[in-house]
Amino acid sequence: MRRLLFRRTLFGLFTLWVVSLVVFLATQALPGDAAQAILGREATPERLAALREQLNLGGSLPEQYFGWLGQLLSFNLGTSLAGGTPVVSAVGPMLLNSSILMLCAAVIAIPLAIGIGTWTALRKDSAVDHVTGIITLVLASLPEFVVGVLLVLLLATGVFHLFPAVFVLVPGEQVWSNPAQLVLPVLTLVLAVSPYIIRIMRATMLEVLESQYVQQARLKGLPERTVVLRHALPNAIGPVAQVIALQLAWLIGGVVIVEFLFRFPGVGFQLIDAVTNRDLPVVQALVIVIAIFYVAVNLLADVVTLAANPKVRTAS
Amino acid sequence: MSTAAPTLEVEDLKIIGIPSMAAIVEELSLEVRPGEILGVVGESGSGKTTLGLALLNYCKEGTRLGGGKVSVAGQQLAGLNWRQVRQLRGRTVAYIPQSPASALNPALRISTQLKECLSGPAAQVLERVRQVLREVALPDDDAFLARYPHQLSGGQQQRVAIAMAFTARPALIVMDEPTTGLDVSTQAHVLATVRSMCRTYDCAAVYISHDMAVVAELADRIAVMYSGRIVEMGGTAEVLSNSRHPYTRRLLLAVPDLLAKRPMIGIPGHAPSPLARPQGCAFAPRCPLADAGCGTVAPAATEVGPRHTVRCFKSEQPLPPLQLRNPSISSAPAAGRKPVIKIEGLTAGYGSKTVLEGINLQAYAGECLALLGESGSGKTTLSRCIAGLHHNYTGDISLDNSTLAPSSFKRTKDQRRRVQYIFQNPYESLNPRRTVEELILQPVTAVRGKVSNAREIVATALERASLRPDHARRYPDQLSGGERQRVAIARSLATEPEVLICDEITSALDVSVQSTLVDLLRGLQAEMGLTLVFITHNIALVRNIAQQVAVLERGRIVEFGEVERVFADPQHHYTQSLLTATPNFQLPDRLSTP
Ligand SMILES: Nc1ncnc2c1ncn2[C@@H]1O[C@H](COP(=O)(O)OP(=O)(O)O)[C@@H](O)[C@H]1O
Ligand code: SF4
Ligand SMILES: [Mg+2]
């Protein structure tokens with residue numbers, strides 16, 4: 001098990017390295033002059049030279065790459081071209097905000113989806129099961145910005161006026177200072193990721209419930225609660241963890257859209273900003289951060305799946 | 001055997017399938033007394049599992065109780081609420097399922113699975129768990145308790161399942177084919193355990209099996225099920241020596257004789273499904289005694305002796321003489337025979353693991369060579385090497401003195417035509433999207449290209465495999481297990497092969513079907529001069545079909561020679577242990593001369 005994890009971690013690091021290469025090639029080593037591309041046609045030669053200096057655009061390609069990678073590894077991400085502040089202090093707070101948003105979504109969505117999935121599996125073919133099936137299918141087929149807009153219409157501007165439609169961060173306060181503002185963005189994300197998890201959980205659970213060992217547990221006279229929690233759930237969780245990881249990794253894409261929709265001050269919002277401003281160092285930093293998140297979530301899913309399988313756990 | 005009040009009483013039980021409302025089990029009455037083991041035998045689909053589960057007040061998905069009474073230890077199951085049913089399960093009635101590998105939860109330690117059968121102080125529960133483990137001859141230390149099911153062998157898993165059932169000292173235990181799929185030596189251990197546990201606890205038991213030989217060894221009483229009803233029930237000795245129902249008698253004749261003194265005779269046809277049960281006696285379409293009266297009303301259960309009942313109008317009549325297709329096999333080797341397949345110094349493995357070592361074998365033209373061994377002994381790997389399906393070997397395999405290439409792709413078309421392979425499981429080996437005709441033509445076009453007389457080839461192949469011409473248009477899932485395996489045989493015969501490799505081809509099928517297949521193969525051997533390589537773990541089958549036998553143990557041949565000689569005087573202790581572990585089922589005299 002340890003060796004397997006070690007291998008997965010190495011693979012994750014390799015993935016990150018490939019990402020860094022792609023990011024570098026796509027942003028700095030583009031044919032033509034990155035500095036020119038950023039500053040536009042009317043740039044003065046002095047300003048171009050200064051920017052080239054700042055972006056390490058001198059020297060051969062490998063030299064440029066390793067210089068850049070070295071800076072990256074020492075957390076020296078350069079300064080934002082737009083604000084002139086160091087990238088680390090520009091990205092840091094946004095990263096924190098987005099993490100909070102996603103954490104809230106994940107903490108609500110995962111247990112909820114596993115619960116609903118299990119529950120509908122236990123009530124297979126009942127009215128609740130059919131209704132849940134339809135709702136999840138509809139939600140899964142709607143893009144998240146549609147879900148977000150519908151929520152805004154329903155809960156913020158149209159029918160009810162319960163929550164603010166956009167996020168307003170009062171300077172000096174934290175995103176969680178006014179929890180009501182968080183409700184709609186979190187709810188949108190929850191509705192976006194849950195349907196898949198519910199559906200896969202239901203399917204896996206049905207399979208497990210039909211297995212011989214669940215029948216045997218019932219024939220042993222165990223209470224239904226024990227049958228489900230002790231005998232069925234641990235066997236269903238492994239396969240579902242993979243889907244949850246995919247959904248979480250996908251969540252970060254959803255975050256970009258949701259943050260834009262609610263004007264939430266997070267990495268997604270910042271990424272769109274940075275791309276529009278051609279703020280190269282910030283774009284690079286954000287893409288790398290997102291890649292790290294992807295790799296970490298998938299690694300976590302592997303750990304859960306492996307840990308849920310005693311064959312792997314007990315193999316020396 | 002006690003005369004105490006019965007532990008289990010079933011009266012007129014009926015279980016129906018939904019939504020078809022067809023009766024899966026019907027008019028079923030029986031009783032089992034404390035300490036008594038009732039063996040329930042019948043072909044697959046006869047309703048044995050459905051009955052077994054009903055004794056725990058459990059209906060499989062898609063089935064429902066349709067009437068009747070079940071009472072266990074004085075409690076009427078129908079009158080209990082779900083809480084009382086739960087109390088009853090595991091404590092008063094316990095269940096040992098067919099396949100322990102799938103009935104033990106893979107995610108839980110065996111200590112958890114054993115302890116949860118009991119309630120009470122933890123130390124007391126643990127002590128009891130250790131005690132049962134010792135009783136089923138398993139280690140009782142903490143290290144063993146901490147294991148997961150996958151860390152146990154098949155026999156150990158089954159013994160854990162038995163321990164699990166006995167932990168709470170139930171009054172009744174229901175076992176559904178607990179030894180199917182186990183090796184003979186493991187089976188012998190498990191049966192001995194079951195017997196001693198029932199005796200220790202004076203526990204009533206219902207032992208479900210399709211294997212008459214096993215039931216005859218273990219049970220005090222036998223109930224024979226056919227198409228959802230008990231057609232004959234009585235004391236074991238009584239049912240064996242004085243069987244009254246034609247089905248029981250045919251079933252007894254279908255059991256292969258360990259000494260091969262009598263031929264094994266299958267029952268032609270197959271059992272009706274609950275949806276298409278004929279009116280009147282369900283056995284009528286296959287019954288040699290049937291007449292018009294049998295097809296109108298179903299016979300009621302009548303008493304023919306003490307605690308011996310039969311459902312047949314003609315229970316007094318003997319069976320008519322049977323038509324035997326191949327009355328005897330020539331067990332003496334013919335003079336001047338020559339080897340078709342010759343294997344020299346074969347060593348094979350998967351990756352770095354060696355599973356076969358130093359194999360030397362010959363199969364003679366027109367004879368049957370049996371490969372006998374328990375699961376994991378390398379039988380299938382060896383046969384796959386011969387067929388060119390497994391390339392990772394060193395050594396020499398030759399067909400008629402010309403060496404075969406390891407991979408079947410590198411063999412000539414003619415070599416491929418001459419050696420054909422039949423797989424173990426007919427449910428998996430036939431492509432469900434092709435008709436029987438297409439399936440049969442596949443190997444033909446593979447070795448001969450497009451053929452002009454396709455229709456003729458199919459017709460001959462079907463006839464040889466004793467299938468009807470109209471089977472050609474069917475798809476595999478419209479056929480029974482036995483018919484599917486015949487299609488597999490027809491497919492392999494279509495290329496006019498000389499060597500037929502049969503890998504456990506009867507192990508997924510009922511005894512009655514197994515016998516008809518063996519009979520068929522022997523006929524083909526005589527008519528076409530086929531050479532058979534017959535892989536099996538069943539000694540009785542070897543004695544009934546083969547002239548030569550090679551006994552495999554952990555990848556080595558421990559004994560090789562003529563069947564008669566090897567079994568009359570086994571040299572290797574492994575062969576000896578296999579022989580003693582196999583139930584030696586002997587027919588009562590009255591039946592043995594058909
Ligand atoms: N829901 C159902 N509806 C109709 N027939 C069923 C249903 N479930 C099982 N059967 C049929 O009931 C018969 C008995 O099944 P089972 O008790 O499993 O037999 P056995 O254990 O003897 O093999 C089989 O023919 C099976 O196909
Ligand atoms: S009742 Fe008739 S058909 Fe049925 S078993 Fe007896 S003789 Fe055969
Ligand atoms: Mg069964």
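Computed on protein heavy atoms with a 1.4 Å probe, the accessible areas place A:F75, B:F283, A:F6, B:F423 in the order A:F75, A:F6, B:F423, B:F283, largest first. Charged side chains reduced to their Cβ positions (Lys and Arg at +1, Asp and Glu at -1) give the stretch B:80-145 a dipole of some 380 debye around its Cα centre. Think of the stretch A:95-232 as having a plus end and a minus end, set by charges on the Cβ of Lys, Arg, Asp and Glu; of A:L206, A:G148, A:V138, A:L206 sits farthest toward the positive end of this dipole.
With each label modelled as a point 7 angstrom along the Cα→C-beta vector, the A:R7-B:E357 pair spans 2.8 nm.
If R0 equals 35 Å, the separation of the Cβ atoms of B:E496 and B:S20 corresponds to a calculated FRET efficiency of about 0.20.
What the phi angles of the stretch A:122-132 give under the Karplus curve with 6.51, -1.76 and 1.60, with θ = phi - 60°, is a coupling list of 5, 10, 3, 6, 7, 4, 4, 4, 5, 4, 4 Hz, glycine and proline written as x. In terms of its C-alpha gyration tensor, the protein assembly as shown has a prolate overall shape, because the principal axis ratio a/c (a ≥ b ≥ c, square roots of the eigenvalues) is not below 1.5 and a/b outweighs b/c. With angles folded into 0 to 90 degrees, how steeply does helix B:511-528 sit against the dominant principal axis of chain B? Use alpha carbons for both and round to 10. Computed tilt is about 10 degrees. The reciprocal of the average 1/r between distinct C-alpha atoms defines the Kirkwood hydrodynamic radius, which for chain B equals 25.8 Å. Label separation (A:L154 vs B:R83): 4.0 nm, computed from points 7 Å beyond Cα along the C-beta direction.
Working from Cα pairs under 8 Å separated by at least six residues, relative contact order for chain B is 15 percent.
What does the net charge come to around B:R311 if you take all other residues with beta carbon closer than 12 Å to its beta carbon, with K and R at +1 and D and E at -1?
Computed value for this residue: -1.
Taking a Cβ cut-off of under 15 Å around B:A123, the surrounding Lys, Arg, Asp and Glu residues balance to a net charge of 0, with basic ones at +1 and acidic ones at -1.
Once both labels are positioned 7 Å from their Cα atoms along Cα-to-Cβ, the gap between A:T226 and B:Q571 label points is 5.6 nm. When all protein chains stay in place and ligands, DNA and RNA are ignored, the 1.4 Å accessible-area order of B:S507, B:S398, A:S141, largest first, is A:S141, B:S507, B:S398. With Cα atoms defining each centre, the stretch B:188-215 and the stretch B:167-181 are spaced 8 Å apart in the structure.
In chain A, helices alone account for a calculated mean residue ellipticity at 222 nm of -24000 deg cm²/dmol, with every DSSP H run of four or more residues adding -39,500 (n - 2.57). Charged neighbours of B:G62, selected by a Cβ distance under 13 Å, balance to 0 (K, R count +1; D, E count -1). Can you classify chain A as rounded, prolate or oblate using the Cα gyration tensor, where a ≥ b ≥ c are the square roots of its eigenvalues, rounded means a/c under 1.5, and otherwise it's prolate if a/b beats b/c and oblate if not? Cα axes put chain A in the oblate bin.
Residue farthest toward the positive end of the dipole of chain B, with Cβ of Lys/Arg at +1 and Asp/Glu at -1: which of B:N105, B:V40, B:V160? Value computed over the given set: B:N105.
What the Cβ-Cβ distance of A:A43 and B:L275 gives, at R0 = 60 Å and to the nearest 0.05, is a FRET efficiency of 0.10. Taken as Cα centroids, the stretch B:495-560 and the stretch B:242-315 sit 28 Å apart, rounded to the nearest whole angstrom.
Would you please classify the overall shape of the stretch B:67-129 from the alpha carbon gyration tensor, given that a ≥ b ≥ c denote the square roots of the eigenvalues, rounded means a/c under 1.5, and beyond that prolate means a/b larger than b/c while oblate covers the rest? Because a/c hits 1.5 or more and a/b fails to exceed b/c, the stretch B:67-129 counts as oblate. Dipole magnitude for the stretch A:88-314: about 700 debye, using +1 per Lys or Arg Cβ and -1 per Asp or Glu Cβ, origin at the Cα centre.
Taking the longest Cα principal axis of chain B as reference, the axis of helix B:454-464 is set at about 50 degrees. Taking the C-alpha atoms only, the angle from helix B:184-201 to the longest principal axis of chain B is near 10 degrees.
Remark: chain B carries a charge dipole of roughly 1060 debye about the Cα centre, counting +1 on each Lys and Arg Cβ and -1 on each Asp and Glu Cβ.
Only protein heavy atoms count here; on that basis, with a 1.4 Å probe, A:W176 has an accessible area of about 120 Å².
The values are calculated or read from the model by the stated rules, or taken from the named source; none is laboratory data. Keep in mind the model is a prediction, meaning the values are calculated, not measured. Reconstructed Cβ throughout: ideal geometry from the backbone, glycine too, with neighbour counts over all protein chains shown. These area figures cover heavy atoms from the full protein model, side chains too; ligands, DNA and RNA do not enter into them. Shrake-Rupley method; radii C 1.70, N 1.55, O 1.52, S 1.80 Å.
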